[in-house]
1. Just to be sure before I move on: is A:Asp80 assigned to a loop (DSSP other than H, G, I, E, B), touching an Asp or Glu at 6+ places or on another chain (Cβ under 9 Å) and not small (Gly, Ala, Ser) in the structure I sent?
2. Only one of these is in contact (Cβ under 8 Å) with a residue 24 or more places away in the chain, part of a helix (DSSP H, G or I), within 14 Å of chain B (Cβ to nearest Cβ) and open to solvent by 30 Å² or more (accessible area, probe 1.4 Å): A:Lys152, A:Lys141. Name it.
3. Among what's in the stretch A:40-60 and is within 15 Å of the chain's Cα centre (by Cα) and more than 9 Å from chain B (Cβ to nearest Cβ), pick the residue that is surrounded by the most Cβ atoms within 10 Å (Cβ to Cβ).
4. Could you please give the count of residues in the stretch A:208-249 that are part of a helix (DSSP H, G or I) and of a type in the set (Ser, Thr, Tyr)?
5. Check off (1) more than 14 Å from chain A (Cβ to nearest Cβ); (2) open to solvent by less than 20 Å² (accessible area, probe 1.4 Å) for B:Ser189 and give me the number that stays unchecked.
6. Can you pull out every residue in the stretch A:87-102 that is without any contact (Cβ under 8 Å) to a residue 12 or more places away in the chain, in a helix (DSSP H, G or I) and open to solvent by 40 Å² or more (accessible area, probe 1.4 Å)?
7. Pick from the stretch A:68-118 the residues that are at pLDDT below 95 and β-branched (Val, Ile, Thr): which of them is farthest from A:Ser2 (Cα to Cα)?
8. Can you name the residue in the stretch B:155-164 that is assigned to a helix (DSSP H, G or I) and at pLDDT below 90 and, of all such residues, is surrounded by the fewest Cβ atoms within 10 Å (Cβ to Cβ)?
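The values are calculated or read from the model by the stated rules, or taken from the named source; none is laboratory data. These figures come from a predicted structure and were not determined experimentally. Virtual Cβ from ideal backbone geometry, glycine too; neighbours counted across all protein chains shown. Protein only, heavy atoms only, side chains kept; ligands, DNA and RNA dropped before computing areas. Shrake-Rupley method; radii C 1.70, N 1.55, O 1.52, S 1.80 Å.
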2 protein chains.
Amino acid sequence: MSYSVLAGGKRFRPILTYTTASLYDIDLIKVDACACAIELIHIYSLIHDDLPAMDNDDMRHNQPSSHKTFGEAQAILAGDGIQALAFEVLSRDESIPPDIRIELLKLLAISAYEMADGQSIDLSVVSKKVDIEFLNNMHKKKTGSLISCAVKFGALIDNINLKDSDILDSYSNNIGLAYQIQDDVLDISSTEKVLGKRQNSDLVRDKPTYPAILGLDESITVYQDLYKKAIDEISSLSVNEKPLRKLTEKLMERDF
Amino acid sequence: MSYSVLAGGKRFRPILTYTTASLYDIDLIKVDACACAIELIHIYSLIHDDLPAMDNDDMRHNQPSSHKTFGEAQAILAGDGIQALAFEVLSRDESIPPDIRIELLKLLAISAYEMADGQSIDLSVVSKKVDIEFLNNMHKKKTGSLISCAVKFGALIDNINLKDSDILDSYSNNIGLAYQIQDDVLDISSTEKVLGKRQNSDLVRDKPTYPAILGLDESITVYQDLYKKAIDEISSLSVNEKPLRKLTEKLMERDF
């Protein structure tokens, strides 16, 4: 479990949680459990996604994937244990009032469920022709749901106003989708060393991707427009959105 | 997910939760989410345990196991989704006050974690010689933890007194261990049709079992004594323990 959790990675989801919380002057120590829980769910999903029966990836975060190092059985169990740990870490944080903690646990459970659902749909359409709407819905579950959860976690600890909540919802949906399209593009255009995992892995597995449907250039335009839309949206927040804008701009420029 | 969850099985853990709750005159509708959450965690663990990389069992509850019917990838994801669903079901039940719901979610997370930990230890000692103490500790995590959780769930919804809480703790530890030793015995002495899964599966996989260390007759004596001790303990509860005693006696007599 520590082998995979401590291997690094972008830590994009917890950073999103901390950054959102920072907009509302929330004491960031109060956000630790939320940020950990989100990252733990993400890491468990990577361990399982990498399994031979799933995406069969032998590299992750510039090291052999969990099942390559510990065998399939222990990798499955590491993922199972990490999922449980995510809920434990969050339920144990007594700095968060019980009614809000319940809300966070519920959101985390729903996101973790949708993520597994999305991955299940993803595997069921290998080698099949699907349209953009199908791909959008699938990725909304597979990637978008946990990213939305990461943003909500940053805001939910404080009682932010309803208008901000709606804006952040839409923002997180847009960057969630942008992030996935960008991942598809990077899988083709980046190098293995920078990615920390095998390149062209989608192509090898004959998975439906945005570049395969829209072409590479159009895919880049689509994800950049989504990021720009997201940046535009948060300018209407009741607080200074600068840290979140800068993070979003950085995401748009990422090459891994 | 429904294929495995609705296939039946003994439903022993949720029955334990309902029975414990019934001792304290708790409205059983309030127990539904708890009972479901416990059973969902149990079922997810069976789906993953049955995988080729784990125990490689092709039959479960008298039907082909999940991976035999849906393939390994979908079976892994069904288990992942069911674990998340367990936390969702419990976190959503608004009939349980938030502070108690948090306590239940924490217990469920800890039990689910220990269960994965116990299974990991179990797989790491295949073909190795271990002693009874090691086996007891392993099964306390692998099987005992969720059984203890099932009993606590029945009691925690109401605020029972501390003495009853201690008694139920000890009771659940004893029946948890008894249940596992009995499973080992039944794996040798029962028939496949009655068990609903392959017989002698432990022996085939060269797993350390109680009969292998203690012999069959001694194993039977040990688990019967544990059940009797558990029945004796609950006679000191502040309430009429009859329903729980009857359930425990039924368990002791089970042949599957």
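1. On the way: assigned to a loop (DSSP other than H, G, I, E, B): no; touching an Asp or Glu at 6+ places or on another chain (Cβ under 9 Å): yes; not small (Gly, Ala, Ser): yes.
No; evaluated as a whole, the condition is false for this residue.
2. Values: A:Lys152 fails: within 14 Å of chain B (Cβ to nearest Cβ).
Among A:Lys152, A:Lys141, only A:Lys141 is in contact (Cβ under 8 Å) with a residue 24 or more places away in the chain, part of a helix (DSSP H, G or I), within 14 Å of chain B (Cβ to nearest Cβ) and open to solvent by 30 Å² or more (accessible area, probe 1.4 Å).
3. Result: A:Ile47.
4. Within the stretch A:208-249, the subset part of a helix (DSSP H, G or I) is A:210-214, A:216-234, A:242-249.
Then keep just the ones that are of a type in the set (Ser, Thr, Tyr); that gives A:210, A:219, A:221, A:223, A:227, A:248.
Looking only at that region, the number is 6.
5. The one condition B:Ser189 does not meet is (2).
6. Going residue by residue through the stretch A:87-102, those that are without any contact (Cβ under 8 Å) to a residue 12 or more places away in the chain are A:88, A:94, A:97-99, A:101-102.
Right, trim to in a helix (DSSP H, G or I) and you get A:88, A:98-99, A:101-102.
Of everything in the stretch A:87-102, those that are without any contact (Cβ under 8 Å) to a residue 12 or more places away in the chain, in a helix (DSSP H, G or I) and open to solvent by 40 Å² or more (accessible area, probe 1.4 Å) turn out to be A:Pro98, A:Asp99.
7. A:Ile100
8. From the stretch B:155-164, those assigned to a helix (DSSP H, G or I) are B:155-156, B:162-164; that's our starting set.
If we keep only those that are at pLDDT below 90 too, we end up with B:155-156, B:162-163.
Values: B:Ala155: 22, B:Leu156: 23, B:Leu162: 7, B:Lys163: 11.
Restricting to residues being assigned to a helix (DSSP H, G or I) and at pLDDT below 90, the top hit is B:Leu162.
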